[in-house]
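Every number in this text was worked out from the coordinates using simple rules, so none of it is lab data. Keep in mind the model is a prediction, meaning the values are calculated, not measured. Reconstructed Cβ throughout: ideal geometry from the backbone, glycine too, with neighbour counts over all protein chains shown.
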């Protein structure tokens, strides 16, 4: 299927590894020129070589509002404009209510909530002026069903989901769609770290019988950015192999 986005441009945050990289690769395969960022120059350069299609490597830490805003501005300068924004960031440290200090919440909110707000603040107004844009936020299935020992991520990403839903309704008439994609368990470095390398153990309880492949997740992100998805906005799409069992 031709997604109708060849020649478009995209800024993919934290795109040097994991689901960010998979999303950037899927967009590039559709003819989109992508700018990605990461904190490590060598990893970003390696990722760009794997993405191809003239991808642009940028070094930025989107864990702060200044870093998130700076990434969007640098990407817009390098690409000429940003048609597609994929917000993404690593997760905060694991912990429970009892084990997590109050001081840990502020950086977690900066990482997984305020970074999303900052990137949208920088990228969305020009999209509105051009009457075309796509925002896709990579969040977590924990927004629907909180994950044990991830209280910081559960809290911050839920706030981001509320922001994105509100934004979607405000900019829909301007030709800009805003959606979030909520990954369940996928074979990323973070998952391996959380499960001590035992990825097979993570698959227990998933109806699909396996953890997800990052490339399959990236394909979903690319479709949400497509011309075919122009009437899809304000959605929160869970991609988890059927693990989430509720009706809504």
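Data table
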{"quantity": "Relative exposure of 103, 46, 189, judged by other C-beta atoms within 10 Å (fewest first)", "calculated": "103, 189, 46"}
{"quantity": "Exposure proxy ranking, count of Cβ atoms within 10 Å, fewest first, for 71, 163", "calculated": "163, 71"}
{"quantity": "Helix 214-224 vs. the chain, principal-axis angle (Cα, 0 to 90°, nearest 10)", "calculated": "50"}
{"quantity": "Contour excess over end-to-end distance, with Cα ends at residue 64 and residue 130 and 0.36 nm allotted per residue", "calculated": "21.0 nm"}
{"quantity": "Fewest-first ranking of 127, 119, 1, using other Cβ atoms within 10 Å as the exposure measure", "calculated": "1, 127, 119"}
{"quantity": "In degrees, nearest ten, helix 115-130 long axis to first principal axis of the chain (Cα)", "calculated": "30"}
{"quantity": "Spacing of the two label points (7 Å from each Cα toward its C-beta) at residue 245 and residue 49, in nm", "calculated": "4.6"}
{"quantity": "Net lengthening on full extension, residue 210/residue 105 (0.36 nm per residue, minus Cα-Cα)", "calculated": "34.6 nm"}
{"quantity": "Helix axis angle, 41-51 relative to the chain longest principal axis, alpha carbon, degrees", "calculated": "70"}
{"quantity": "Pair residue 170, residue 121: separation of 7 Å Cα→Cβ label points (nm)", "calculated": "1.1"}
{"quantity": "Ordering of 87-100, 220-233 by burial proxy (mean other Cβ atoms within 10 Å per residue, highest first)", "calculated": "220-233, 87-100"}
